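In what follows, a single structure is set out as structure tokens and then discussed.
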Amino acid sequence: MRKFLRLLFLILFSLSAIAAQDSQQHLRKIIFLPFNDYADSKMKYLEHYIPEVMSKNLKSTSGYEAINLRFNSTPPNYSEDYFNNKALILSILKDNPAEFAVTGRFLVHEKQIIIETKVFDFAGKEISAPIYEGIIDDRFLSSIQNFSQQKDEWIRINILKENPLQSSLPERKHAEGLIEFLKGIGLSFINNSLLLALFVALFFYFGAVIMSRVVISIFSRVTARTKTELDDEIIELLQSPLKYIIILIGFRIALYVSDIKSESIVVVSEIINSLIMLIVAYILSGVSNVLLKYWGGKVDNPRIKHDLVPLFSRGIRVVIFSVVFIIILSRFNIDIAPFVTSLGIAGFAIGFAVKDTLSNIIGGVILILDNAFVVGDKVTIDGDTGFITEVGLRNTKILTFDNEIIVIPNGELMNKKFKNFVQPDPRIRVIVKFSVAYGSNVDKVREVVVSAISAIEGILDEPAPVAEFVEMGDFSLNFVAKFWIPDFSKQHDKKLEATDIIYKALNAHGIEIPFPTNTIYLKKS
């Protein structure tokens with residue numbers, strides 16, 4: 001497994017390399033001059049901020065030396081009107097040996113900014129870049145960063161005449177090593193970059209097919225020896241996605257070596273990157289689904305397996321693909337801030353509107369996880385006794401002994417005190433109250449009643465039946481007979497049976513059962 005991961009990481013790392021000439025042997029210099037404030041706005045700091053950002057971006061993403069004139073010694077005869085002063089720019093290129101000079105100007109009107117960019121070469125040729133229009137808002141500096149990245153990319157493609165992908169990756173030596181390897185196995189005769197790119201794509205395609213079959217076969221043999229099927233399911237899940245990832249990586253590297261000088265190659269590259277991220281998201285969601293199912297199978301609760309596991313699985317899948325979707329949008333330079341803000345506002349509004357429903361769903365999840373009751377349990381809630389017929393994500397249904405269905409929202413039920421007759425086990429105690437007349441032999445009453453209820457079929461010997469003398473009432477001696485039965489569903493029937501047997505036993509032994517009496521004393525006057 002480690003060798004496979006190392007090989008995969010090496011291939012991924014080679015994405016950051018390109019087949020290009022050594023930057024130290026062909027070092028070029030580009031001078032960035034201040035951008036003129038065309039309308040003398042209050043944003044004069046942009047004169048130096050724009051070229052500063054552009055020079056940093058170009059310097060960090062290519063092998064060219066980018067010089068920001070602001071941070072270099074400048075002769076006093078240099079003026080600040082660079083945009084239309086071609087002679088001045090050529091003199092600067094001569095004084096600071098460089099092949100190109102970049103300058104521009106910007107116009108600020110209300111909430112809009114327009115930026116023009118020009119590039120001059122050493123021979124005096126002037127090239128104008130497409131005009132940029134932006135909005136001045138809270139994300140203005142971020143939009144300036146996007147502008148500089150776009151213009152630097154335009155310079156690399158249209159001025160420096162290079163493959164844009166080759167300039168975007170600093171680790172080109174690793175890709176060069178890959179190209180040397182391919183040439184070493186028989187591709188050295190290929191001088192055409194497009195043919196070399198085709199061979200690179202085919203090499204990765206067949207390599208991915210062979211690797212997926214061989215590596216997966218090896219891992220399948222290893223996982224077959226384990227007792228669990230979890231690793232087998234994960235290996236089966238990874239087989240096809242990993243193959244497609246390797247193939248897409250091959251296509252992306254093929255774009256590097258193709259030496260195509262077009263802005264469209266950047267879009268194609270980002271599409272490949274997006275496909276790779278979607279496949280990774282598919283892998284993550286699939287693995288999480290397998291792990292959740294494995295966990296659900298371990299829990300002795302069918303509600304978790306059939307309700308919570310699919311719910312959690314869908315939730316994780318939505319989160320993973322949403323994050324990947326946002327990352328993909330950002331890679332295509334789409335401003336996701338308004339989108340995320342809109343999602344937040346919409347989420348707040350929807351959450352407020354369905355807060356009761358969400359409360360019920362959360363309550364249902366908690367009740368299922370707590371295993372407070374399951375379908376078939378006998379419960380008493382708010383004085384209503386019945387059997388649980390359904391434990392849903394929104395509400396719970398109870399069937400009473402009068403054949404009535406009571407529906408209780410889970411959000412309310414979660415905060416209620418209820419009695420479950422089934423837990424911790426189905427055993428239950430039966431209690432029968434009875435009374436005898438004053439003057440009765442208390443010990444004899446206990447003996448007669450215990451003997452009578454012990455003869456009831458289907459009661460438990462432990463705990464043993466008892467008859468307790470609990471109270472001397474107004475006109476009677478009050479007792480309680482207690483015994484246990486193994487099944488709570490027989491409680492009512494056994495209580496009726498015990499009441500009948502106690503009454504008959506008391507009569508048979510001549511023990512008087514009292515009734516309410518009042519004694520009236522009359523005083524003679």
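The values are calculated or read from the model by the stated rules, or taken from the named source; none is laboratory data. It should be emphasised that the depicted structure is a prediction, and the values quoted were computed from it without experimental measurement. Cβ atoms come from the backbone with ideal geometry, glycine included; neighbour counts cover every protein chain shown.
Looking at (1) closer than 16 Å to residue 511 by Cβ; (2) within 60 Å of the chain's Cα centre (by Cα); (3) surrounded by fewer than 16 Cβ atoms within 10 Å (Cβ to Cβ), find the lone condition where residue 486 falls short.
Among (1) closer than 16 Å to residue 511 by Cβ; (2) within 60 Å of the chain's Cα centre (by Cα); (3) surrounded by fewer than 16 Cβ atoms within 10 Å (Cβ to Cβ), residue 486 violates only (1).
Within the range 426-439, is there a residue that is modelled with pLDDT under 80, surrounded by 12 or more Cβ atoms within 10 Å (Cβ to Cβ) and among the basic types (Lys, Arg)?
Of all residues in the range 426-439, those modelled with pLDDT under 80 come to none.
The answer is no, given that none of the residues of the range 426-439 is modelled with pLDDT under 80, surrounded by 12 or more Cβ atoms within 10 Å (Cβ to Cβ) and among the basic types (Lys, Arg).
Filter the range 262-277 down to residues that are of a type in the set (S, T, N, Q) and assigned to a helix (DSSP H, G or I) and give me whichever is modelled with the highest pLDDT. Give the derivation first.
At the first step, the residues of the range 262-277 found to be of a type in the set (S, T, N, Q) are 262, 264, 269, 273-274.
Checking which are assigned to a helix (DSSP H, G or I) leaves us with 264, 269, 273-274.
Values: 264: 68, 269: 77, 273: 85, 274: 89.
Within the range 262-277, the match that is modelled with the highest pLDDT is 274.
To keep it simple, each residue is scored yes or no on (1) modelled with pLDDT under 85; (2) aliphatic (A, V, I, L, M); (3) outside any loop (DSSP other than H, G, I, E, B).
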| site | (1), (2), (3) |
| --- | --- |
| 50 | no, yes, yes |
| 56 | yes, no, yes |
| 60 | yes, no, yes |
| 63 | yes, no, no |
| 80 | yes, no, no |
| 84 | yes, no, no |
| 116 | no, no, yes |
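All but one of (1) under 24 Å from residue 501 (Cβ atoms); (2) touching a residue at least 40 places away in the same chain (Cβ under 8 Å) hold for residue 469; state the number of the condition that does not hold.
With (1) under 24 Å from residue 501 (Cβ atoms); (2) touching a residue at least 40 places away in the same chain (Cβ under 8 Å) applied to residue 469, the lone miss is (2).
Considering only residues that are assigned to a loop (DSSP other than H, G, I, E, B) and among the aliphatic types (A, V, I, L, M), look in the range 457-471 and name the one that is surrounded by the most Cβ atoms within 10 Å (Cβ to Cβ).
Going residue by residue through the range 457-471, those that are assigned to a loop (DSSP other than H, G, I, E, B) are 457-465.
Subset that is among the aliphatic types (A, V, I, L, M): 459-460, 464.
On the way: 459: 19, 460: 13, 464: 12.
Restricting to residues being assigned to a loop (DSSP other than H, G, I, E, B) and among the aliphatic types (A, V, I, L, M), the top hit is 459.
Restricting attention to the range 101-118, report how many residues are in contact with a strand residue (DSSP E or B) (Cβ under 6 Å, 6 or more places away or on another chain), over 15 Å from residue 85 (Cβ atoms) and of a type in the set (Val, Ile, Thr).
4
Of the numbered conditions (1) assigned to a helix (DSSP H, G or I); (2) free of Cβ contacts under 8 Å to residues at least 60 places away in the same chain, residue 252 fails exactly one; give the number of that condition.
(2)
Look through the range 36-48, keep the residues that are surrounded by 14 or more Cβ atoms within 10 Å (Cβ to Cβ) and among the hydrophobic types (A, V, I, L, M, F, W, C), and return whichever of them is modelled with the lowest pLDDT.
43
Could you figure out which of (1) closer than 16 Å to residue 83 by Cβ; (2) part of a loop (DSSP other than H, G, I, E, B) isn't true of residue 138?
Answer for residue 138: the failing condition is (1).
Which condition number in (1) crowded, with 18+ Cβ neighbours inside 10 Å; (2) more than 30 Å from residue 467 (Cα to Cα); (3) of a type outside the set (Gly, Ala, Ser) is the one that residue 409 fails?
(1)
For residue 379, indicate whether it is in contact with a strand residue (DSSP E or B) (Cβ under 7 Å, 6 or more places away or on another chain) and in a loop (DSSP other than H, G, I, E, B). Even if it seems obvious, please write down each step before you answer.
Values: in contact with a strand residue (DSSP E or B) (Cβ under 7 Å, 6 or more places away or on another chain): yes; in a loop (DSSP other than H, G, I, E, B): no.
In short, no.
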